[in-house]
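Right, one structure below, let's go through it.
The values are calculated or read from the model by the stated rules, or taken from the named source; none is laboratory data. It should be emphasised that the depicted structure is a prediction, and the values quoted were computed from it without experimental measurement. Neighbour counts run over all protein chains shown; Cβ positions are idealised from the backbone, glycine included. Note: accessible area is taken over every heavy atom of the protein model, side chains too, but ligands, DNA and RNA are not part of it. Shrake-Rupley method; radii C 1.70, N 1.55, O 1.52, S 1.80 Å.
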Amino acid sequence: MTLTAKSVARAGLVSTIVAATAAAALFAATPANGAASTLAAAAQQSGRYFGTAVAANKLGDSTYVGILNREFDMVTAENEMKMDATEPNQNQFSYGNADRIVNHARNQGKRVRGHALAWHSQQPGWMQNMSGTALRNAMLNHITQVATYYRGKIYAWDVVNEAFADGSSGGRRDSNLQRTGNDWIEAAFRAARAADPNAKLCYNDYNTDNWSHAKTQGVYRMVQDFKSRGVPIDCVGFQAHFNSGNPVPSNYHTTLGNFAALGVDVQITELDIEGSGSSQAQQYQGVTQACLSVARCTGITVWGIRDSDSWRASGTPLLFDGSGNKKAAYNSVLNVLNSGTGTTTPPTSTTTTTSNPGGGGCTATYSEGEKWNDRFNGNVTVTGTDNWTVTVTVSSPQRIIATWNTSATWPSANVMVARPNGNGNTFGFTVQHGGNWSWPSLSCQAG
């Protein structure tokens with residue numbers, strides 16, 4: 001991603017901003033006692049990474065490198081591994097600047113995402129003038145040579161970048177690569193797998209954040225098809241470039257979850273959000289929560305370190321200001337990562353619903369149990385009677401996947417009716433939340 005590679009304007013995604021109602025403590029300058037103090041360490045607590053895009057020409061900037069070394073554990077080369085940089089002349093490969101980034105990352109114990117092997121943009125001039133079989137063979141040779149050169153050094157490759165069109169068609173982008181045949185993406189993934197069998201292979205795109213949009217659906221259908229036919233695809237990257245005209249959509253977690261359900265990892269690969277203050281911090285919070293709500297969201301990469309390093313610097317879209325100071329957005333991300341869950345405002349008290357049919361008393365009290373990335377436990381205690389019926393209602397897309405100490409029936413997918421089974425008046429259940437962390441509602445009847 002560079003300013004020359006994409007337009008700043010992102011049309012067609014007029015969406016509602018992710019609701020964020022966290023307490024003021026969310027934006028505290030320091031994490032809670034015992035919490036991780038850097039983005040990478042906080043992400044690692046839930047088995048994820050937190051990365052950034054790096055430019056080789058800034059590796060001599062001590063402030064830049066200091067933040068990079070301290071805060072991030074995954075590195076993506078901003079431009080240095082793209083086609084025009086690595087093969088400026090046909091069959092003459094150049095890895096100098098890319099190697100600077102890869103070697104720095106590996107020497108610091110960080111992993112590397114490779115970006116990108118095949119793309120309609122930032123092609124070298126010699127490739128831009130090719131077509132047909134000659135272009136197809138040149139693309140496959142490029143993938144083979146570059147992925148083989150970096151074999152064993154790359155965690156995941158963006159094998160194909162931005163191959164789908166914006167707008168309402170849901171179809172492929174018209175490009176010189178697309179005109180070599182509709183199977184070119186599949187061919188690219190197969191070549192990458194042959195060159196580096198151990199790297200994760202990703203498809204990466206922008207404007208695929210909103211589940212209801214045609215472009216998102218088009219990419220989803222391709223991934224679904226690839227998985228059904230054994231085409232080697234391991235992950236899908238969501239660039240996540242947001243601004244006031246294209247805010248974080250309210251169904252972002254749904255998008256991530258639905259792709260993950262196909263059997264691929266999902267990664268937020270180029271995150272930046274134009275804005276400032278609490279508004280920007282809340283949107284960063286929402287994106288981080290969405291990733292944490294999906295077990296197969298393996299990590300987040302921000303596209304740059306300081307605002308002044310960004311391809312859209314005037315929009316101040318990153319976690320550090322131009323001087324390298326932490327912004328409110330940094331603190332919001334760090335605190336969500338330290339929470340280990342996608343909850344917005346974790347409740348700490350119980351909720352009670354009571355009904356008294358025929359004069360009998362029945363009180364069902366709900367208390368929060370353990371939480372994981374994709375599910376949570378709830379506990380219910382009934383008082384007032386030993387002969388009770390408790391109706392538990394969860395909100396879509398939640399579903400109850402386990403129960404204990406109760407005899408349960410399900411009148412519908414979202415409703416469970418619990419009754420005593422001889423193990424007392426306390427029972428529990430596990431909810432697979434699908435990104436919705438809201439508590440279930442209860443009603444209790446005696447007799």
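Consider segment 293-314 and keep the residues that are touching a Ser or Thr at 6+ places or on another chain (Cβ under 6 Å) and crowded, with 22+ Cβ neighbours inside 10 Å. The one that is farthest from residue 40 (Cα to Cα) is 307.
Tally up the residues in segment 407-425 that are in contact with a strand residue (DSSP E or B) (Cβ under 7 Å, 6 or more places away or on another chain) and over 28 Å from residue 293 (Cα atoms), please. First the steps, then the outcome.
First, pick out the residues of segment 407-425 that are in contact with a strand residue (DSSP E or B) (Cβ under 7 Å, 6 or more places away or on another chain): 407-411, 413-421, 425.
Then keep just the ones that are over 28 Å from residue 293 (Cα atoms); that gives 407, 419-421, 425.
Number satisfying all stated conditions: 5.
Would you confirm whether any residue within segment 314-328 is closer than 30 Å to residue 377 by Cα and in contact with a strand residue (DSSP E or B) (Cβ under 8 Å, 6 or more places away or on another chain)? Within segment 314-328, not a single residue is closer than 30 Å to residue 377 by Cα and in contact with a strand residue (DSSP E or B) (Cβ under 8 Å, 6 or more places away or on another chain).
Residues that are crowded, with 17+ Cβ neighbours inside 10 Å and either among the polar types (S, T, N, Q) or part of a helix (DSSP H, G or I) (or both) within segment 86-99 comprise 86, 97, 98, 99, listed in sequence order. Does segment 91-107 contain at least one residue that is under 22 Å from the mean Cα position of the chain (by Cα) and under 24 Å from residue 190 (Cα atoms)? Within segment 91-107, none of the residues are under 22 Å from the mean Cα position of the chain (by Cα) and under 24 Å from residue 190 (Cα atoms). Which residue pairs have Cβ atoms under 6 Å apart, sit 6 or more places apart or on different chains, and have a first residue in segment 400-420 that is in contact (Cβ under 8 Å) with a residue 24 or more places away in the chain and a second that is aromatic (Phe, Trp, Tyr) and open to solvent by less than 70 Å² (accessible area, probe 1.4 Å)? Once the first residue is in contact (Cβ under 8 Å) with a residue 24 or more places away in the chain and sits in segment 400-420, its partners that are aromatic (Phe, Trp, Tyr) and open to solvent by less than 70 Å² (accessible area, probe 1.4 Å) give 400/429; 403/429; 418/427. Selection of first residues in segment 377-397 that are not assigned by the TED database to the domain that holds residue 254 and modelled with pLDDT of 90 or more and of second residues that are β-branched (Val, Ile, Thr) and not in a strand (DSSP E or B), restricted to Cβ pairs under 9 Å at least 6 apart or on distinct chains, gives the following pairs, ordered by first then second residue: 380/406; 381/350; 390/406. Across segment 288-309, the number of residues qualifying as touching a strand residue (DSSP E or B) at 6+ places or on another chain (Cβ under 6 Å) and closer than 24 Å to residue 64 by Cβ comes to 8.
Looking at 249, 317, just one residue is in contact with a His (Cβ under 9 Å, 6 or more places away or on another chain), modelled with pLDDT of 95 or more, within 24 Å of residue 164 (Cβ to Cβ) and open to solvent by less than 10 Å² (accessible area, probe 1.4 Å), and that residue is 317. It is to be established whether one or more residues within segment 165-176 are touching a Phe, Trp or Tyr at 6+ places or on another chain (Cβ under 9 Å) and part of a strand (DSSP E or B). The answer is yes; a qualifying residue exists.
Consider segment 360-384 and keep the residues that are more than 31 Å from the chain's Cα centre (by Cα) and surrounded by fewer than 18 Cβ atoms within 10 Å (Cβ to Cβ). The one that is farthest from residue 295 (Cα to Cα) is 360.
Per-residue answers, yes or no, for (1) at pLDDT 95 or above; (2) more than 21 Å from residue 321 (Cβ to Cβ):
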{"site": "22", "(1), (2)": "no, yes"}
{"site": "27", "(1), (2)": "no, no"}
{"site": "49", "(1), (2)": "yes, yes"}
{"site": "54", "(1), (2)": "yes, no"}
{"site": "61", "(1), (2)": "yes, no"}
{"site": "74", "(1), (2)": "yes, yes"}
{"site": "89", "(1), (2)": "yes, yes"}
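Candidates are the residues of segment 252-279 that are in contact with a Gly (Cβ under 8 Å, 6 or more places away or on another chain) and of a type in the set (Ser, Thr, Tyr); the one that is most open to solvent (accessible area, probe 1.4 Å) is 254. If we scan segment 106-125, do we find a residue that is part of a helix (DSSP H, G or I) and open to solvent by less than 20 Å² (accessible area, probe 1.4 Å)? No - not one qualifying residue is present in segment 106-125.
Listed conditions (1) within 20 Å of residue 73 (Cα to Cα); (2) in contact with a Ser or Thr (Cβ under 8 Å, 6 or more places away or on another chain) are all met by residue 320, apart from (2).
Enumerate the pairs (first residue in segment 251-272 and in contact (Cβ under 8 Å) with a residue 40 or more places away in the chain; second residue anywhere and assigned to a strand (DSSP E or B) and open to solvent by 10 Å² or more (accessible area, probe 1.4 Å)) with beta-carbon separation below 8 Å, excluding pairs fewer than 6 apart on the same chain, so at least 6 apart or on different chains. Short answer, once both residue conditions are applied: 265/200; 265/298; 267/298. Could you grab me the full set of residues in segment 218-243 that are within 21 Å of residue 169 (Cα to Cα), open to solvent by 20 Å² or more (accessible area, probe 1.4 Å) and within 17 Å of the chain's Cα centre (by Cα)? 220, the sole residue that qualifies.
Scanning segment 426-442 for residues that are buried (at least 18 other Cβ atoms within 10 Å of the Cβ) and either β-branched (Val, Ile, Thr) or over 32 Å from the mean Cα position of the chain (by Cα) (or both) yields 427, 430, 431, 442.
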